[in-house]
Amino acid sequence: MAGGPSLNLPIGWQQTEGNWIGADHGNITLLNAGITPDIAVGDFDSLSKDEKFSASRIISVDAIKDDTDTELAIRLAGEEKPDQINIFGATGGRLDHEMVNLFFVLRDDFANLLDKIKIIDYKNIINFTDSSRPIDFLEGYKYVSFMNMTAVKNLSILGAKYQLEHFNSAVPRMFSSNEFVNGNPISLEFESGVLMFIYSKD
């Protein structure tokens, strides 16, 4: 749980299975929901003097550091060799924080976690991939969008309402508001690059 606004969290997020790591003010969000995090990490500079938190393990770091508090939390999650890392509270707040949360996956030291990361808010589930794969239909999400975050070679989006074939670009390009056809998977194919794909609903 990162420190973004709680109004941006999806309904029912509290029932998410797994262990919780709170990043800085994300610990207050967890405690307000009755969840004691397994780990609290950060410099805790976003907490007011009246805000108190508890956790099974607290890792306090200096405010002058290379990683954000959220990145530190993700590193700790990665050490547990999880199948998936769900990140909540990463959108809807400061734009610079949101951009960091979207693009940290491009760093070499996070490359091993790329396909495990899901950033989830009340309207979106953001995923990342560096290889061709099917994109399965997800109930409740009308739209799916695709963006090459790096240079991409020979990108094709097949089986979708709006198809794309053999697209090449050296710069990012967002292909938004695409849709599934009769609930069938979409085939995402490309030779090289890192892509973001986003399930969205109105």
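Would you check if there is a residue in the range 151-165 being without any contact (Cβ under 8 Å) to a residue 60 or more places away in the chain and within 21 Å of the chain's Cα centre (by Cα)?
Start the filter on the range 151-165 by keeping residues that are without any contact (Cβ under 8 Å) to a residue 60 or more places away in the chain, which leaves 151-165.
Right, trim to within 21 Å of the chain's Cα centre (by Cα) and you get 151-152.
Looking through the range 151-165, at least one residue is without any contact (Cβ under 8 Å) to a residue 60 or more places away in the chain and within 21 Å of the chain's Cα centre (by Cα).
Looking at this structure, is Gly18 within 25 Å of Leu114 (Cα to Cα), modelled with pLDDT of 90 or more and surrounded by 14 or more Cβ atoms within 10 Å (Cβ to Cβ)? Walk me through it before giving the result.
Working: within 25 Å of Leu114 (Cα to Cα): yes; modelled with pLDDT of 90 or more: yes; surrounded by 14 or more Cβ atoms within 10 Å (Cβ to Cβ): no.
No; evaluated as a whole, the condition is false for this residue.
Let's see how each residue does on (1) over 30 Å from Ser200 (Cβ atoms); (2) among the acidic types (Asp, Glu):
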site	(1), (2)
Gln15	no, no
Ile21	no, no
Asp24	no, yes
Asp43	yes, yes
Leu47	yes, no
Ser56	yes, no
Glu71	no, yes
Ala90	no, no
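With the structure loaded, tell me whether Ile11 is at pLDDT 95 or above, hydrophobic (A, V, I, L, M, F, W, C), assigned by TED's automatic domain parsing to the domain that holds Asn101 and buried (at least 23 other Cβ atoms within 10 Å of the Cβ) or whether it fails that test.
On the way: at pLDDT 95 or above: yes; hydrophobic (A, V, I, L, M, F, W, C): yes; assigned by TED's automatic domain parsing to the domain that holds Asn101: yes; buried (at least 23 other Cβ atoms within 10 Å of the Cβ): no.
No; evaluated as a whole, the condition is false for this residue.
Select from the range 1-40 the residues that are of a type in the set (A, V, I, L, M) and over 18 Å from the mean Cα position of the chain (by Cα) and list them in ascending order. Steps first, answer last, please.
Filtering the range 1-40 for residues of a type in the set (A, V, I, L, M) gives 1-2, 7, 9, 11, 21, 23, 28, 30-31, 33, 35, 39-40.
Answer for the range 1-40, where residues must be of a type in the set (A, V, I, L, M) and over 18 Å from the mean Cα position of the chain (by Cα): Ile28, Leu31, Ala33, Ile35, Ile39, Ala40.
Just checking: which of the helices (runs of 4 or more DSSP H) contained wholly in the range 2-107 hold 3 or more residues that are without any contact (Cβ under 8 Å) to a residue 24 or more places away in the chain and not β-branched (Val, Ile, Thr)? Working first, answer last.
Numbers: elements: 26-32, 69-79, 95-103.
Ranges flagged: 95-103.
What number of residues in the range 139-156 are surrounded by fewer than 14 Cβ atoms within 10 Å (Cβ to Cβ) and more than 20 Å from Arg173 (Cβ to Cβ)?
Residues in the range 139-156 being surrounded by fewer than 14 Cβ atoms within 10 Å (Cβ to Cβ) and more than 20 Å from Arg173 (Cβ to Cβ): 3 in total.
If you scan the range 139-197, which residues turn out to be of a type in the set (Phe, Trp, Tyr) and either in a strand (DSSP E or B) or in the same structural domain as Ile117 (by TED's automatic domain parsing) (or both)? Write out each step before concluding.
From the range 139-197, those of a type in the set (Phe, Trp, Tyr) are 141, 143, 146, 162, 167, 175, 180, 190, 197; that's our starting set.
Of everything in the range 139-197, those that are of a type in the set (Phe, Trp, Tyr) and either in a strand (DSSP E or B) or in the same structural domain as Ile117 (by TED's automatic domain parsing) (or both) turn out to be Tyr143, Phe146, Phe167, Phe175, Phe180, Phe197.
The values are calculated or read from the model by the stated rules, or taken from the named source; none is laboratory data. Only a predicted model underlies this, so the values are computations on that prediction, with no experimental measurement involved. Note that each Cβ is placed from the backbone with ideal geometry, even for glycine, and that neighbours are counted across all protein chains shown.
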